[in-house]
Amino acid sequence: MKHLFGMAELERPQIERLLALAESFVELSRRPLRKAPTLRGKTIINLFFENSTRTRTSFEIAGKRLSADVINISAATSATKKGESLLDTGQTLAAMQPHVLVIRHGIAGCCQFLADYLPQTAIVNAGDGAHEHPTQVLTDLLTLRQHLGGVAGKTITMVGDIAHSRVARSHLIAANTMGYRLRLVAPKTLLPREVERYGCEVTHDFDAALAGSDVLYMLRVQQERLTSNFAFPSVREYHEAYGLNRRRLAMAGSDCVVLHPGPMNRGVEIATDVADGSQSRILDQVENGVAVRMAVLTTLCGGGD
Amino acid sequence: MKHLFGMAELERPQIERLLALAESFVELSRRPLRKAPTLRGKTIINLFFENSTRTRTSFEIAGKRLSADVINISAATSATKKGESLLDTGQTLAAMQPHVLVIRHGIAGCCQFLADYLPQTAIVNAGDGAHEHPTQVLTDLLTLRQHLGGVAGKTITMVGDIAHSRVARSHLIAANTMGYRLRLVAPKTLLPREVERYGCEVTHDFDAALAGSDVLYMLRVQQERLTSNFAFPSVREYHEAYGLNRRRLAMAGSDCVVLHPGPMNRGVEIATDVADGSQSRILDQVENGVAVRMAVLTTLCGGGD
Amino acid sequence: MKHLFGMAELERPQIERLLALAESFVELSRRPLRKAPTLRGKTIINLFFENSTRTRTSFEIAGKRLSADVINISAATSATKKGESLLDTGQTLAAMQPHVLVIRHGIAGCCQFLADYLPQTAIVNAGDGAHEHPTQVLTDLLTLRQHLGGVAGKTITMVGDIAHSRVARSHLIAANTMGYRLRLVAPKTLLPREVERYGCEVTHDFDAALAGSDVLYMLRVQQERLTSNFAFPSVREYHEAYGLNRRRLAMAGSDCVVLHPGPMNRGVEIATDVADGSQSRILDQVENGVAVRMAVLTTLCGGGD
């Protein structure tokens with residue numbers, strides 16, 4: 001494994017190895033001293049063209065906990081503002097000899113594009129446009145392994161802004177690799193074009209999709225999208241149609257696990273009592289996110305065996 | 001000591017222990033090699049919702065000098081901008097398993113509020129609204145211990161925007177715990193409501209308050225507050241009435257110590273020759289600030305004995 | 001060597017020692033484990049009043065690779081915004097006992113100014129106004145040493161916005177110290193006043209300056225300067241007159257080395273095929289930049305022998 005662009009490149013045994021390694025890092029991160037020398041002498045650059053405190057912090061803690069040197073660069077202060085191209089920024093940073101470049105960028109496919117020009121640098125996709133967000137999906141898989149014993153044969157019902165979600169896209173790919181089913185629930189305006197070609201169940205009726213769901217995966221809905229382009233007169237109306245509340249969770253059953261990639265809009269896609277309820281594994285996702293990134297960084301730096 | 005919310009929770013022996021520990025860190029910070037392994041394997045997150053280079057840098061150096069992993073998060077890039085609640089931000093970060101969360105926030109009491117929900121994370125208040133700023137006051141106490149031999153029985157005359165000052169509030173509490181007197185000097189508009197209940201001397205006449213002052217503690221005055229809401233036609237007029245100049249310092253006496261929590265408005269609350277003069281301990285405060293934060297972090301991480 | 005303000009203070013043997021030390025750090029930065037304990041226990045503050053991802057990241061990686069504690073401060077979040085003077089910011093940071101303060105600021109001479117007041121802190125000029133940028137020039141010298149065997153007796157033809165360039169100014173000084181020739185090529189409006197006193201060749205005709213050039217050093221041209229104050233109706237016209245393209249590079253000869261301090265405006269001062277061509281050493285400059293900064297930091301912290 002030289003890069004991590006997306007779930008599309010990962011085969012099942014690789015995913016299993018990453019999750020097993022991540023499990024050991026969950027354990028490390030609960031010890032009184034949370035530090036291992038695994039990545040000592042390695043340099044990791046977090047290059048974030050979009051703000052994401054959560055993801056950047058998760059990668060930063062992952063790197064530091066393994067003794068790597070971690071450098072953060074945010075778009076707001078980058079040379080991009082002075083008109084430098086993405087490729088020049090990438091080549092410049094690669095010339096400083098980091099081992100890993102973690103990239104969050106608005107353009108789908110930018111990581112593969114850069115990798116062609118940066119032969120000596122491992123690249124991790126921390127979210128590229130509406131394309132992929134593999135470390136989030138690995139995090140979800142780890143969380144479901146802990147709470148459902150695995151995902152094979154399970155049904156994950158994903159609700160919300162599927163169209164703009166890189167998490168959704170990465171899950172659509174991983175579902176095939178790992179043998180789980182995705183059921184998509186969204187209004188037409190928030191579904192991707194040609195959604196049929198993914199070959200999964202699609203519905204506009206959330207209530208009808210609840211029975212048989214092992215996981216309810218609620219996606220963040222950007223409020224500006226709701227009220228401007230799309231057909232919802234108000235946030236409240238969206239919550240009525242597509243928000244997860246106690247009534248719906250009860251219909252899904254008491255074994256159903258609730259996930260959300262965060263940050264949450266409480267009262268929009270998820271009710272507060274569900275977000276904080278006993279079936280929510282949302283904070284486990286966050287904890288596992290650090291461990292998964294530790295596993296990814298370790299593997300890309302040649303460790304992990 | 002599980003958290004540091006404010007001076008209100010600290011008893012005198014705890015304060016004395018923190019100051020003694022901080023003294024040893026002053027010494028460490030003057031060595032050629034300024035590093036101890038005390039907090040190795042500990043993760044500290046600086047979560048600043050308000051900008052404060054000085055305080056953030058002080059905590060960051062404190063943590064790094066003790067070998068902790070330090071992660072900085074500023075409001076400008078945080079998920080708060082995407083509508084995430086303070087509690088969700090706190091819970092998300094806590095799920096990443098930091099040992100300590102250092103918080104600067106505009107809302108008074110936010111640290112206690114968060115602590116109720118984050119049972120495994122130690123919280124340090126780095127300034128919450130106009131409520132408390134305990135590490136600043138501990139810094140001041142250490143500085144006065146070095147230069148006056150201690151604060152018991154001393155009189156600290158505090159001048160300026162008492163109403164909006166968390167430093168003032170924390171000193172009002174610490175004065176009772178540690179047995180020193182506070183004399184407050186400010187125009188009516190910059191005094192807190194019901195100032196009488198603090199039981200300390202209050203005056204609008206700076207000149208009359210000088211005699212008997214062991215310490216002149218000048219507070220930063222925000223110029224927008226001076227000229228908009230309050231009764232001063234100009235900065236110059238404020239300086240005439242409430243600024244510390246050489247004449248006033250001479251009236252206070254040559255043993256009187258000058259403090260300021262920074263950043264200073266030279267020519268407003270303090271004249272340049274006084275700020276840089278031989279009675280000023282303002283830069284000692286900055287140096288001691290790092291040592292005090294090292295002591296606080298160490299204590300919260302279970303060390304310090 | 002107590003500070004690094006500019007090339008003006010460096011004698012030839014000092015420069016040679018820095019370059020030799022930097023060579024060893026180039027080698028270190030190519031090892032699988034890029035880490036040495038050289039600066040363990042040292043604190044370095046990067047204080048950047050102007051954005052420069054490239055330079056800040058280079059210093060940050062340099063410090064971390066040598067095990068120093070590195071703290072970044074950007075103007076956007078600094079107390080300067082609250083009206084604090086540069087001197088107060090400097091004194092405050094110095095009181096926190098860093099070993100080195102790396103400063104990027106818009107005011108020429110600000111490093112020397114600060115150094116007079118901060119007796120215990122080593123200061124590195126990372127670019128001060130249009131004055132000096134010594135670590136960039138040391139980087140260039142290292143690059144030319146690798147690719148030309150040294151600079152003595154060579155001719156560097158520098159093209160573009162000489163007037164506003166601290167890199168140009170530092171090279172004008174270093175040329176005398178190190179015995180190389182500078183040939184300046186620019187329109188009148190982008191030449192410094194009294195350019196004659198530097199005693200080097202000056203021309204407005206790029207084509208005429210190509211023959212005999214060992215190095216073509218292309219400077220970044222800020223597009224707002226081109227089209228507002230200066231006589232170019234368009235970026236394209238500037239490129240015609242002063243851009244480096246394949247035709248011109250062929251005229252200079254196949255041994256001629258192309259340099260650029262970055263970030264590049266492709267299609268303005270340099271054509272893309274030249275920037276990426278076999279004679280370009282632009283990415284070597286970036287790599288060497290980290291090594292040079294490692295050498296400077298080491299020397300200022302008392303190591304390097």
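Within the protein assembly as shown, antiparallel bridges make up roughly 5 percent of the DSSP beta bridges whose residues both belong there. Here the range B:200-273 was treated as a single set of alpha-carbon atoms; its pair distances binned every 10 Å from 0 give 19, 52, 27, 2 percent.
For the range B:1-143, relative contact order (Cα pairs under 8 Å, six or more residues apart, normalised by length) works out to 29 percent. Taken over the Cα atoms of the protein assembly as shown, the convex hull encloses 185 Å³ per residue. In chain B, the calculated helix contribution to ellipticity at 222 nm averages -12000 deg cm²/dmol per residue, counting -39,500 (n - 2.57) for every DSSP H run with n ≥ 4.
Taking only the alpha carbons of the range C:95-154, we obtain Rg and Dmax values of 14.8, 45 Å in that order. For B:Lys188, a cut-off of 18 angstrom between C-alpha atoms picks up these aspartates and glutamates, skipping any fewer than 8 places away in its own chain: B:Asp161, B:Glu196, B:Glu201, B:Asp205, B:Asp207, B:Glu224, B:Glu237, B:Glu240, B:Glu269.
Residues of the range A:23-40 whose accessible area (probe 1.4 Å, heavy atoms of protein chains only) drops by at least 20 Å² once all protein chains are present, relative to their chain alone: A:Pro32, A:Leu33, A:Arg34, A:Lys35, A:Arg40.
How large, in percent, is the carbon and sulfur part of the accessible surface of the range A:134-281 at a probe radius of 1.4 Å?
Within the range A:134-281, the accessible surface is 45 percent carbon and sulfur.
Just checking the listed ones, A:Gly262, A:Gly212, A:Gly83: in the Gaussian network model of chain A with Cα springs under 10 Å, the one fluctuating most is A:Gly83.
Interface between chains B and C: roughly 2400 Å² of accessible area buried, both sides summed (probe 1.4 Å, protein heavy atoms only). Going by Cα centres, the range A:250-305 and the range B:1-48 are how many Å apart? With the range A:250-305 and the range B:1-48 each reduced to a Cα centre, they are spaced 34 Å.
Equivalent-ellipsoid semi-axes for chain A (Cα gyration tensor, √(5λ), whole Å, largest first): 32, 22, 17.
Applying Stokes-Einstein at 10 °C and 1.306 mPa s to the Kirkwood radius of the range B:134-281, computed over alpha-carbon pairs, gives a translational diffusion coefficient of 105 µm² s⁻¹. Accessible surface comparison of A:His171, B:His204, probe 1.4 Å, protein chains only, largest first: the order is B:His204, A:His171.
Placing pseudo-labels 7 Å out from each Cα toward the beta carbon at C:Gln146 and A:Glu16 gives an inter-label distance of 4.5 nm. Measuring against 27 Å, Cα to Cα, the residue pairs B:Lys2/C:Lys35; A:Lys35/C:Lys2; C:Lys42/C:Lys154; B:Lys2/B:Lys154; B:Lys2/C:Lys64; A:Lys64/B:Lys2 contain B:Lys2/C:Lys35; A:Lys35/C:Lys2; C:Lys42/C:Lys154; B:Lys2/B:Lys154; B:Lys2/C:Lys64 as the ones spanning a longer distance. Using alpha-carbon pairs under 8 Å, 6+ residues apart, how would you state the relative contact order of chain B in percent? This gives 21 percent for chain B. Among the GluC sites (Glu not before Pro) within the range A:1-41, those in coil by DSSP and having at most 15 neighbouring Cβ atoms inside 10 Å are A:Glu11. Counting only the backbone N, which residues of the range C:1-26 are under 19 Å from the spot 7 Å out from the Cα of C:Asp116 toward its beta-carbon? Residues passing the 19 Å test: C:2-6, C:8-9.
Grab the beta carbon distance between B:Met251 and B:Thr177, set R0 = 41 Å, and tell me the FRET efficiency rounded to 0.05.
0.90
The range C:110-131 and the range C:155-214 have Cα centres spaced 26 Å apart.
The relative contact order of the range B:134-281, computed from alpha carbon pairs under 8 Å that lie at least 6 residues apart in sequence, is 23 percent.
The values are calculated or read from the model by the stated rules, or taken from the named source; none is laboratory data. A quick note: this is a predicted structure, and the numbers were derived from the prediction, not measured. All Cβ positions, glycine included, derive from the backbone under ideal geometry; neighbour counts span all protein chains shown. Protein only, heavy atoms only, side chains kept; ligands, DNA and RNA dropped before computing areas. Shrake-Rupley method; radii C 1.70, N 1.55, O 1.52, S 1.80 Å.
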